[in-house]
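The values are calculated or read from the model by the stated rules, or taken from the named source; none is laboratory data. Predicted model only: the values in this text are computed from it and were never measured. Please note: Cβ atoms are built from the backbone with ideal geometry, for glycine as well, and neighbour counts cover all protein chains shown.
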Amino acid sequence: MPDIGVLTRPVVLVGMMGSGKTAIGTALAERLGVPFRDTDEAIVDASRMSIAEIFERDGEPFFRAREAEVLQRLLALGPGIVSTGGGAFLRAENREAIRSAGVSVWLRAAEPLLWSRVKHRTTRPLLRTDNPRATLQALLAEREPSYAQASLAVDADPSYSIADMVDQVVATLRAADILKD
């Protein structure tokens, strides 16, 4: 495999649930030889509760505040791939923290692809509604303006494998001079 460069700051993957932030982030970190860090995983580890349990017990505002704290801590660890929860990039303070410490990459996926990936998952507290697909559509419409503020965007395609998406992200990072020779 050819040398693809050195990551000099954190790359933060943002986007909707089902966009592949964790799967692509894990594979991307492995490809680049850097740590993979996941805000949701860090919150679950610290609280010893699932995201759904935190939402149920403490509510979304509490969760979002903990998410912002964890994001700050993970960004401070330096170069690596950081996967965020779908709502993290909605907060202006999180967007600014990411912009200051690293670079954001929106994994942009169309609603039919997102739905195909999340419709059988029971771990998505925001989709525990009478009409989860309509909820997903509404969340996507509400969140896209925030995601559009990401430094970079990579479009998902239903035909792409995880490796294909990693290739796309690497090419985007190289084109933006985020990977240094």
Subset of the range 144-158 [out of contact with any strand residue (DSSP E or B) (no Cβ under 8 Å at 6 or more places or on another chain) and either crowded, with 18+ Cβ neighbours inside 10 Å or at pLDDT below 95 (or both)]: S146, D157, P158
So which residues in the range 1-12 are within 17 Å of the chain's Cα centre (by Cα) and in a loop (DSSP other than H, G, I, E, B)? R9, P10
State whether the residues of the range 73-80 include one that is in contact (Cβ under 8 Å) with a residue 60 or more places away in the chain, closer than 15 Å to V11 by Cα and exposed (fewer than 14 other Cβ atoms within 10 Å of the Cβ). yes
Collect the residues in the range 6-40 that are of a type in the set (D, E, K, R) and either over 12 Å from V166 (Cβ atoms) or touching a Gly at 6+ places or on another chain (Cβ under 8 Å) (or both), keeping them in residue-number order. R9, K21, R37, D38, D40
With the requirement that a residue be part of a loop (DSSP other than H, G, I, E, B) and either among the small types (G, A, S) or free of Cβ contacts under 8 Å to residues at least 24 places away in the same chain (or both), what does the range 13-27 give you? G15, G18, S19, G20
Within the range 164-181, residues being out of contact with any strand residue (DSSP E or B) (no Cβ under 8 Å at 6 or more places or on another chain), touching a residue at least 60 places away in the same chain (Cβ under 8 Å) and more than 19 Å from M17 (Cα to Cα) number 1
Any chance you could count how many residues in the range 3-17 are farther than 20 Å from R91 by Cβ and either among the small types (G, A, S) or out of contact with any helix residue (DSSP H, G or I) (no Cβ under 7 Å at 6 or more places or on another chain) (or both)? 4
Yes/no for L114 being farther than 23 Å from A141 by Cα and buried (at least 20 other Cβ atoms within 10 Å of the Cβ): no
If you go through the range 50-57 one residue at a time, do you hit one that is loosely packed, with under 14 Cβ neighbours inside 10 Å, of a type in the set (D, E, K, R), part of a helix (DSSP H, G or I) and in contact (Cβ under 8 Å) with a residue 24 or more places away in the chain? yes
Would the range 28-39 turn up any residue that is in a helix (DSSP H, G or I), touching a helix residue (DSSP H, G or I) at 6+ places or on another chain (Cβ under 6 Å) and of a type in the set (S, T, Y)? yes
